[in-house]
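Asker: Can you keep this structure in mind? I'll have questions shortly.
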Amino acid sequence: MKAAICSLLGVLSLGIMATPASAQTVVSIEREAEIGTIEPEVYSQFLEHLGGQVYGGLWVGEDSDIANTHGVRDDVFAALQALQVPAIRWPGGCYADLYHWRDGVGERTPRENMAWGGTEEPNTFGTHEFFNLAERLGAKTYLNVNLGSGTVEEAADWLEYITGTGETALAQERRANGRSEPWTIDYLSIGNETWGCGGRMRPDYYADLYTHWASFMFADEQKPVMIVAGPHDGNIEFADEVLDHPMIGDVSSGISLHFYTLPTSDWSAKGAAIGFPESEWASALERTLRMDGLIEQTLGVIDAHDHLGEDYGLYVDEWGMWVDETEGKSSLWQQNTMRDAVVAALNLNIFHKHADRVPMTNIAQMVNVLQAMILTEGEDMVLTPTYHVYEMFTPFHGATSLPVELDGPDYRYGDIAFPALSASAARMADGSLAVALVNADPNSDHAVTLERAGARSVSGRVLTGDAMDAHNTVAQPGRVAPQPAEIRVDGDRLTASLPARSVSVWIIK
């Protein structure tokens, strides 16, 4: 291995020794070639009204026997608070284009949730409950307004109700409903998946509607970051046509991208959450690694439109694992395993790589639905492997992403092959280095050697499981949880073994 430099201020070289059949791997981290700031919002959450996410998962109401504060479960709130949640997207998703905000203020009006199976929405969790939750968590707010079945007047009124500072009827109505001070809308999107559940619109038609509506989205004394509803992985050209609109750059700061990891890539039979074969470990990870190319492809589309400006952003505001529903559970409930943890960490490493262009992402979703942070069962709560990844990665919030090069062995299964190892690195405000290491190989450990390079101290944690589908349950809530990493000092080197199917985060001071 090439001799390491004498100080952490230069290039750090890691030697990752693979299994005996593989050549040595070298990871290089360039401390002087900064990519950009990893905005905390890269770790944002998504709270949509579907299944058991809001009702029973997050919200139980003030009269519940489950401990709560203003109707929000205390255990779930404390778990989210520990994640330092930067921003929350609400109320959807597909549900956003069926949501009428007046149903959820004052006297509540129940509605059928036709976007997700026709279940009844009591609307006891509405505008006040969402903004108060975000305020308590210290999280920014990302609001999706109803373009599909709403009106521009309805949307404009909602913004005035939320942010009004004067003596208008809507500001006074908010005060009468219990909130004297206005709230802040940090991010705003008009419509969602307008090519599909949001109205099956042609891109040029949506672009016209967006620019029209955006002209009337006045948040009193505020200017939210305006986000255009963009494409998914199968129709990137939708973004190209929307962004052709000559005025879209005047009324927006970025466009969204949606991408889900389906183990089988078949929406009619996505694959099981647990008990899956190694072939579906391999296919899921191969698919999730497409995120890197999709981001680069969409950024290429953005850059082809000169009228947008240099700072036009890409917001990956829906992403995560999506598998078949679990029998006997609420809609889109799925167990969360070590596979989900590896998928999350691989994507976060990709987002770090694009820190200069991707200012926010929103994993789908927060509680009980899809790749959730938290699962609830009555009064019990379980933290998922994905939750632990997000907690382990908190040192990356606001840190400066550094370029990482990795040339190592592939993991292979049949015709599928991808790098067994993934890494990202960032410099924190105090000058310490955070390094994330993922071993996506479900079978083999990999030894890691990091040049000590004058480091005063190093600490780390590792998350792994005893099986590909290792997961936490009410009966076994700590089966998958971070453990201290065994990092050995060997002269000028730091060495450790990355277990199979694992996620590690090191802090080097």
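The values are calculated or read from the model by the stated rules, or taken from the named source; none is laboratory data. Given the structure is predicted, the values throughout are model-derived calculations rather than measurements. Glycine also receives a Cβ, built like all others from the backbone with ideal geometry; neighbour counts cover every protein chain displayed. In case anyone asks, the SASA skips ligands and DNA or RNA and just uses the protein heavy atoms, side chains included. Shrake-Rupley method; radii C 1.70, N 1.55, O 1.52, S 1.80 Å.
Asker: Residues in the stretch 338-348: is at least one surrounded by fewer than 22 Cβ atoms within 10 Å (Cβ to Cβ) and not aliphatic (A, V, I, L, M)?
Answerer: No, the stretch 338-348 contains no residue that is surrounded by fewer than 22 Cβ atoms within 10 Å (Cβ to Cβ) and not aliphatic (A, V, I, L, M).
Asker: What single numbered condition from (1) within 25 Å of LEU47 (Cα to Cα); (2) within 27 Å of the chain's Cα centre (by Cα) fails to hold for GLY249?
Answerer: The number of the failed condition is (1).
Asker: Report whether or not ARG175 is closer than 29 Å to PHE125 by Cα and among the basic types (Lys, Arg).
Answerer: Judged against the criteria, ARG175 is a match.
Asker: Only one of ALA341, ALA364, ALA345 is at pLDDT 95 or above and over 30 Å from SER459 (Cβ atoms); which?
Answerer: Criteria check complete, one pass: ALA364.
So that you can scan it fast, the table gives a plain yes or no per residue for (1) touching a Lys or Arg at 6+ places or on another chain (Cβ under 7 Å); (2) surrounded by 14 or more Cβ atoms within 10 Å (Cβ to Cβ); (3) farther than 30 Å from ILE236 by Cα:
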position	(1), (2), (3)
THR163	no, yes, yes
GLU167	no, no, yes
LEU170	no, yes, yes
GLU173	no, yes, yes
PRO182	no, yes, yes
ASP186	yes, yes, no
GLY191	no, yes, no
MET201	no, yes, no
PHE216	no, no, no
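Asker: What residue, among those in the stretch 237-246 that are touching a residue at least 60 places away in the same chain (Cβ under 8 Å) and open to solvent by less than 10 Å² (accessible area, probe 1.4 Å), is nearest to the chain's Cα centre (by Cα)?
Answerer: Only one residue fits best here, namely ALA239.
Asker: Which of the residues belonging to the stretch 479-496 are in a strand (DSSP E or B) and not hydroxyl-bearing (Ser, Thr, Tyr)?
Answerer: GLN483, PRO484, ARG488, VAL489, ASP490, ARG493, LEU494, ALA496, listed by residue number.
Asker: Could you list, in sequence order, the residues of the stretch 226-242 that are assigned to a strand (DSSP E or B) and among the aliphatic types (A, V, I, L, M)?
Answerer: MET226, ILE227, VAL228
Asker: Same structure, new question: Name the residues in the stretch 296-321 that are surrounded by fewer than 20 Cβ atoms within 10 Å (Cβ to Cβ), not in a helix (DSSP H, G or I) and not charged (D, E, K, R), would you?
Answerer: If the condition is that a residue be surrounded by fewer than 20 Cβ atoms within 10 Å (Cβ to Cβ), not in a helix (DSSP H, G or I) and not charged (D, E, K, R), then ALA304, HIS305, GLY309 are the ones that fit.
Asker: Restricting to the stretch 70-82, count the residues that are open to solvent by 10 Å² or more (accessible area, probe 1.4 Å) and either within 19 Å of GLU318 (Cα to Cα) or without any contact (Cβ under 8 Å) to a residue 24 or more places away in the chain (or both).
Answerer: Looking only at that region, the number is 2.
Asker: Got a number for residues in the stretch 61-96 being of a type in the set (A, V, I, L, M, F, W, C) and part of a helix (DSSP H, G or I)?
Answerer: Count: 8.
Asker: Might you check whether a residue that is in contact with an Asp or Glu (Cβ under 7 Å, 6 or more places away or on another chain) and not in a helix (DSSP H, G or I) occurs anywhere in the stretch 201-217?
Answerer: no
Asker: Given the structure, is MET366 within 22 Å of ALA273 (Cα to Cα) and buried (at least 24 other Cβ atoms within 10 Å of the Cβ)?
Answerer: Yes.
Asker: Could you identify the single residue in GLY166, GLY198, GLY191 that is modelled with pLDDT under 95 and more than 18 Å from LEU133 (Cα to Cα)?
Answerer: Testing whether each residue is modelled with pLDDT under 95 and more than 18 Å from LEU133 (Cα to Cα) leaves just GLY166.
Asker: Assuming GLU325 fulfils every condition listed in (1) open to solvent by less than 50 Å² (accessible area, probe 1.4 Å); (2) in contact with a Leu (Cβ under 8 Å, 6 or more places away or on another chain) apart from one, which condition is it?
Answerer: That leaves (1) as the condition not met.
Asker: Considering only residues that are touching a residue at least 40 places away in the same chain (Cβ under 8 Å), open to solvent by 30 Å² or more (accessible area, probe 1.4 Å) and closer than 19 Å to VAL60 by Cβ, which ones fall in the stretch 106-134?
Answerer: THR119, PRO122, THR124, GLU129, ASN132
Quick grid of which residues meet (1) within 29 Å of PRO40 (Cα to Cα); (2) touching a Lys or Arg at 6+ places or on another chain (Cβ under 9 Å); (3) at pLDDT below 95:
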| site | (1), (2), (3) |
| --- | --- |
| PHE77 | yes, yes, no |
| GLN81 | yes, yes, no |
| ALA115 | no, no, yes |
| GLU121 | no, yes, yes |
| GLU129 | yes, no, no |
| ASN132 | yes, yes, no |
| GLU135 | yes, no, no |
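Asker: Mind listing just one residue for me: the one in the stretch 394-423 that is more than 23 Å from MET468 (Cβ to Cβ) and of a type in the set (Ser, Thr, Tyr) and, of those, surrounded by the most Cβ atoms within 10 Å (Cβ to Cβ)?
Answerer: The qualifying residue surrounded by the most Cβ atoms within 10 Å (Cβ to Cβ) is SER401.
Asker: Search the stretch 302-315 for residues that are more than 9 Å from GLY249 (Cβ to Cβ) and pair each with any residue that is assigned to a loop (DSSP other than H, G, I, E, B) and open to solvent by less than 20 Å² (accessible area, probe 1.4 Å) when their beta-carbon atoms are under 6 Å apart and the residues are at least 6 apart or on different chains.
Answerer: Pairs found: ILE302/TYR312; LEU314/VAL358.
Asker: Within the stretch 352-363, work out how many residues are open to solvent by less than 10 Å² (accessible area, probe 1.4 Å) and either out of contact with any Ser or Thr (no Cβ under 6 Å at 6 or more places or on another chain) or free of Cβ contacts under 8 Å to residues at least 24 places away in the same chain (or both).
Answerer: 3
Asker: Only one of these conditions is not met by GLY293: (1) in contact (Cβ under 8 Å) with a residue 12 or more places away in the chain; (2) assigned to a helix (DSSP H, G or I). Which number is it?
Answerer: That leaves (1) as the condition not met.
Asker: Given the criterion closer than 26 Å to SER180 by Cα and more than 22 Å from the chain's Cα centre (by Cα), identify the matching residue among ARG108, ARG136, ARG89.
Answerer: Just one listed residue meets the conditions, ARG108.
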